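J.: One structure, as structure tokens, below. Some questions next.
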Amino acid sequence: MKAVRFVETGRLAEVIDLPTPRPGPGQVLLKIAGAGVCHSDLHIMDEDLGLKGPFTLGHENAGWIAGLGVGVEGWKEGDAVAVYGPWGCGRCHACQTSMENYCENHAALGTMGGGLGSDGGMAEYMLIPSPRLLVPLQGLDPIAAAPLSDAALTPYHAIKQALPLLTPDATALVVGVGGLGHMAVQILRALTPARLIAGDIDDAKLAHARELGVEHALNTRDGEAAAQAITDLAGPRGVAVALDFVGAQPTIDLCARVVGRNSRLSVVGLGGGVVHYAANRPPYGCQVTVPYWGSRTELMEVISLAADGRIRADVETFPLEQAVEVYQRLREGRIHGRAVLLP
Ligand code: NAD
Ligand code: ZN
Ligand code: ZN
């Protein structure tokens, strides 16, 4: 089968032929319908994130069960499922409470999940180590559903933690309206009455935000002007919840300037910026958080939201063989919503 491989830091992904895997005891073989192309893969290829290659990329996957290892019960071939991506030990406190994204044993496991140390879903087939990592798709098309497992789950987790602050008089700010950000604005719309502001440096992404119902979509290239405009819109309370899906120095600094007192600044993007603190900036009471992905039960909730038609990933599909070109398009900001590779 064809597979898109991460080889080592500093090298482009490569498309090669690999034998089709067979499920061992307790494992499930998945026939991949689609694998989402996340900006994190670019970080993996560009920077040393401690992940050892080679492995097959793709940590945002959905498809159909194609084989059950000995001992796997309750599932059958052909079932449509999303893969819960952050694979933990399954035993620690975090894993037992469904938050494998915060597994205590990730370092010892030597992998963060399929496509993140273990073979992922940019291939015709993928091995899932345990059926606990499968979530039924509730009738959703598996190609459109693949991005739910990261591009939607990650903002959902960040937003759910911030819900008590997102009252009708609150303002939420989303910076970076790409794969994650375009899902974040929909999730905020679906779950909260808060006023919504989106920022990006790309006017096409801002137009996308407006199509998704964001009233105030601002170009943040001029940080000074953007901070003033956001402050004027937010009023005396300031921004109650800022979600930074870039995480670069200019976006972190912008968020830190516009959040109000008793607010929340969530840095989701891995852009390498630093949160500086000086007295009252970010303002007193601001909670700075670094959420990572989401829990298994949150993935079920995200799939329910999508099955009810309340959120939808805008997907551009490409054949798996074009992976290297698609990564280049993502790097240049030429993907609308989320790219999904089809084997
Ligand atoms: P993407 O490339 O699809 O979207 C990024 C968006 O940010 C684009 O719209 C781009 O125009 C915009 N942007 C870039 N630089 C900007 C700047 N200086 N100011 C304003 N906007 C800017 O990326 P994605 O797949 O949505 O991922 C976003 C980030 O989140 C990446 O860093 C990724 O690695 C990270 N991520 C983190 C987690 C987590 O759990 N913490 C999970 C998934 C992805
Ligand atoms: Zn990702
Ligand atoms: Zn664990």
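The values are calculated or read from the model by the stated rules, or taken from the named source; none is laboratory data. What you see is a predicted model, and the numbers here were worked out from it, not measured in a lab. Because the Cβ atoms are built from the backbone with ideal geometry, glycine has one as well, and the counts that use them run over all protein chains shown.
J.: Would you check if there is a residue in the range 156-170 being more than 13 Å from ligand 2 (Cβ to nearest atom), closer than 13 Å to ALA306 by Cβ and of a type in the set (Ser, Thr, Tyr)?
T.: Yes, some residue in the range 156-170 is more than 13 Å from ligand 2 (Cβ to nearest atom), closer than 13 Å to ALA306 by Cβ and of a type in the set (Ser, Thr, Tyr).
J.: For the range 228-250, name all the residues that are touching a residue at least 60 places away in the same chain (Cβ under 8 Å) and closer than 16 Å to CYS286 by Cβ.
T.: ALA234, ARG237, GLY238, VAL239, ALA240, VAL241, ALA242, LEU243, ASP244
J.: Moving on. Would you mind telling me which numbered condition in (1) within 16 Å of ligand 2 (Cβ to nearest atom); (2) assigned to a loop (DSSP other than H, G, I, E, B); (3) under 22 Å from TYR327 (Cα atoms) LEU42 fails?
T.: Result: LEU42 passes all but (2).
J.: Quick check on GLY260: is it touching a residue at least 40 places away in the same chain (Cβ under 8 Å) and over 22 Å from the mean Cα position of the chain (by Cα)?
T.: Judged against the criteria, GLY260 is not a match.
J.: Is the range 150-157 home to any residue that is surrounded by fewer than 24 Cβ atoms within 10 Å (Cβ to Cβ), of a type in the set (A, V, I, L, M, F, W, C) and either in contact with a strand residue (DSSP E or B) (Cβ under 9 Å, 6 or more places away or on another chain) or more than 17 Å from GLY36 (Cα to Cα) (or both)?
T.: No, the range 150-157 contains no residue that is surrounded by fewer than 24 Cβ atoms within 10 Å (Cβ to Cβ), of a type in the set (A, V, I, L, M, F, W, C) and either in contact with a strand residue (DSSP E or B) (Cβ under 9 Å, 6 or more places away or on another chain) or more than 17 Å from GLY36 (Cα to Cα) (or both).
J.: Continuing with this model, one more query. I'd like the full set of residues that are buried (at least 22 other Cβ atoms within 10 Å of the Cβ) and either more than 16 Å from ligand 2 (Cβ to nearest atom) or not in a loop (DSSP other than H, G, I, E, B) (or both), limited to the range 70-87.
T.: Selection gives VAL81, ALA82, VAL83.
J.: Looking at this structure, is ILE187 among the hydrophobic types (A, V, I, L, M, F, W, C), within 16 Å of ligand 1 (Cβ to nearest atom) and assigned to a helix (DSSP H, G or I)?
T.: yes
J.: Follow-up. Would it be correct to say that ARG221 is modelled with pLDDT of 95 or more and not in a loop (DSSP other than H, G, I, E, B)?
T.: Judged against the criteria, ARG221 is not a match.
J.: Here is a list: THR289, THR297. Which entry is farther than 19 Å from ASP200 by Cα, among the polar types (S, T, N, Q), more than 15 Å from ligand 1 (Cβ to nearest atom) and within 20 Å of the chain's Cα centre (by Cα)? It would help to see each step written out before you state the result.
T.: Numbers: THR289 fails: more than 15 Å from ligand 1 (Cβ to nearest atom).
From the options THR289, THR297, the qualifying one is THR297.
Condition check ((1) within 15 Å of ligand 2 (Cβ to nearest atom); (2) surrounded by fewer than 20 Cβ atoms within 10 Å (Cβ to Cβ)) across all residues:
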| site | (1), (2) |
| --- | --- |
| LEU30 | no, no |
| GLY34 | yes, no |
| PRO54 | no, yes |
| HIS59 | yes, no |
| ILE65 | no, no |
| LEU68 | no, yes |
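J.: Okay, next question. State the number of residues belonging to the range 96-149 that are crowded, with 23+ Cβ neighbours inside 10 Å, within 16 Å of ligand 3 (Cβ to nearest atom) and either at positive phi or of a type in the set (Val, Ile, Thr) (or both).
T.: 1
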